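Only one structure is covered here, and it is reproduced in the block below.
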Amino acid sequence: MKYSIKRILQLIPILIAITFLSFAMMRLAGSDVVEQKMLNTGQVVSEAQLQAAKAELGLDKPFLIQYFVWFGKLLHGDMGVSYVSGKDVFETFISKLPATLFLTVTSILLTIVISIPLGIISAVYKNRVWDYLIRFISFIGNSMPNFFVSLVLMYLLGIKLGWFPIISKDMTLGSVAMPTFTLAIAMSAKYLRQVRATVLDELSKDYILGAKSRGVKFPVILWKSVMRECLVTIITLLALSIGSLLGGTAIVESIFMWDGVGKMAVDAINMRDYPIIQAYVMWMAIIYVTVNLITDLSYRLLDPRIRLEDTCND
């Protein structure tokens, strides 16, 4: 509990700094929502009308005043109103969150199913046919960007075979299949190499040789000893993935028109919808600091050496 409270207190100034930097960067973008709206309509607007519209949204005030007004409302639980839709930002964000959560869960589960078994097989059959084949596949998967994989899957599974809808219309397994495959291919290609390296490192240690000499069967050694030691690496990889996926994979969601947090953020950036962007940045920051905290705590539970080191330092 003491460690958790200490970490949470350390994260508060980080969150505040992130809100300030994101607020400043958006104001340096060169245009605002009012100018963007006028540009999209193609209408000729006078300078007086432009300034009046900015004043209505509070965009005519100095940067620091805008920030402190927004931050003060945030401390009272008010994220503001969207400049584009006029809807409450929190309600808009919450309405997009289930789609992103659904995509996150399916992508993580598929990644686990693919990367952990293949990584173990590659390590056990080191420098054999299976190892070369799995490493070759992972190299190909790791070399292809998400947008390219998305287009290939659209063409093969959507247009040619017609197995899945090209545009996601609802939260069903059929609609989420291709976005899930796209994300899982990239993550699995990267993570199975990490799993392989970790398993190989454990298999080379002396306690494995000792267990074999005592007659312990290799599957028992692998699953009860090696995999327990590999859990720290696996949890780290999964924590990083969960953080990025919960933030919404903007490219994939936009390509498949998956109505999640990532697509919402892309649309907001295009329209300079500052309240939506700030809510998204806050969400991303909270996710990553929370995931990092949970990961650190899980390390202490899984590895007694970390607990002992922290106790000695205290």
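The values are calculated or read from the model by the stated rules, or taken from the named source; none is laboratory data. Not measured: the values here are computed from a predicted model. Here Cβ is always computed from backbone atoms with ideal geometry, including for glycine, and neighbour counts include all displayed protein chains. Ligands, DNA and RNA are stripped out before the accessible areas are found, and what is left, the full protein with its side chains, is counted by its heavy atoms. Shrake-Rupley method; radii C 1.70, N 1.55, O 1.52, S 1.80 Å.
Things to note:
- Conditions (1) open to solvent by less than 80 Å² (accessible area, probe 1.4 Å); (2) under 25 Å from the mean Cα position of the chain (by Cα): number failed by PHE90: (1)
- Number of residues in the stretch 143-170 that are touching a helix residue (DSSP H, G or I) at 6+ places or on another chain (Cβ under 7 Å), surrounded by fewer than 16 Cβ atoms within 10 Å (Cβ to Cβ) and either assigned to a helix (DSSP H, G or I) or outside the structural domain of GLN194 (by the TED database) (or both) equals 1.
- Counted residues, the stretch 264-309 - those being at pLDDT below 70 and out of contact with any Phe, Trp or Tyr (no Cβ under 7 Å at 6 or more places or on another chain): 11
- Residues of the stretch 222-275 that turn out to be of a type in the set (Val, Ile, Thr) and without any contact (Cβ under 8 Å) to a residue 40 or more places away in the chain, as a count: 4
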